[in-house]
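Have a look at the structure below, then the notes.
The values are calculated or read from the model by the stated rules, or taken from the named source; none is laboratory data. The model shown is predicted, which means the values in this text are computed figures rather than measured ones. As a convention, Cβ positions derive from the backbone with ideal geometry for all residues, glycine included, and neighbour counts pool all protein chains shown. The area values use the complete protein model at the heavy-atom level, side chains included, leaving out ligands, DNA and RNA. Shrake-Rupley method; radii C 1.70, N 1.55, O 1.52, S 1.80 Å.
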Amino acid sequence: MPHITIESPSALTKQINWNKFFQKVHVRLSNEGYGRLDDFKSRVINLECWQVADKNADALFLFATLETMNPRTPEMIRAMGVVITEELEIIANKVANGRWLQVCVRVRGTPIEDYFKLHINAPNLKAGNFKVGESL
């Protein structure tokens, strides 16, 4: 159950088609064996206020957090972070427009026993729990 949260300054948020971006990232992560496509969830938090050092509002950042809830090796979680970083870099290069734009990605795992999940009116989902190294 990987969750991706991106914090984006309002100066960038509306310049990016986030649904298209997340669909691409979800499919890529799934195709590379990091989880079932049905398990990926993502969201953007729009920042109305941000500050980078002592710079003006043209200094920007995209800060992504990948949180995994099923056991994955640290190497796998880091590899997932690399994928997210690569895809964010593509988007960042399109929207930077000469502005200083930092791309930051943090990865971390939550032990499965510390995560609780329910499905209400779920579509047909693949059965089973994700196991370390499982691709489907």
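The 3J(HN,Hα) values that the Karplus relation (6.51, -1.76, 1.60; θ = phi - 60°) gives for the stretch 55-61 are, in residue order, 7, 7, 5, 7, 8, 10, 8 Hz. Gly and Pro appear as x. Of 118, 101, the residue with the largest accessible area leads and the full order is 118, 101 (1.4 Å probe). In degrees between 0 and 90, to the nearest 10, how far off the longest principal axis of the chain does helix 18-31 point, with axes built from Cα atoms? Tilt of helix 18-31: around 40 degrees. Largest first, the residues 116, 61 sort by 1.4 Å accessible area into 116, 61. Farthest toward the positive end of the dipole of the stretch 15-88, out of 71, 56, 37, is the Cα of 37, where the dipole comes from beta carbon charges about the Cα centre. Counting only heavy atoms of the protein chains and using a 1.4 Å probe, residue 65 has close to 10 Å² of accessible surface.
A cut-off of 5 Å between modelled amide H atoms, ignoring neighbours fewer than 5 places along the same chain, links residue 62 with 102, 103, 104. Rounded to the nearest 20 debye, the dipole magnitude of the chain is 280 debye, with +1 charges on Lys and Arg beta carbons, -1 on Asp and Glu beta carbons, and the Cα centre as origin.
Restricting to Cα pairs below 8 Å that are 6+ residues apart, what does the relative contact order work out to for the stretch 7-136? Please round to a whole percent.
Answer for the stretch 7-136 is 36 percent.
Checking the Cα-Cα distances for 20/55; 41/117; 24/117; 20/41; 14/41 against a 22 Å cut-off, the pairs over it are 20/55; 24/117.
For residue 44, the amide hydrogen comes within under 5 Å of the amide hydrogens of 6, counting only partners 5 or more places away or on other chains and with H modelled in the peptide plane. Comparing Cα centroids, the stretch 93-111 and the stretch 1-47 end up 12 angstrom apart. The angle between the Cα long axis of helix 74-95 and the main principal axis of the chain comes to about 40°, on a 0 to 90 degree scale.
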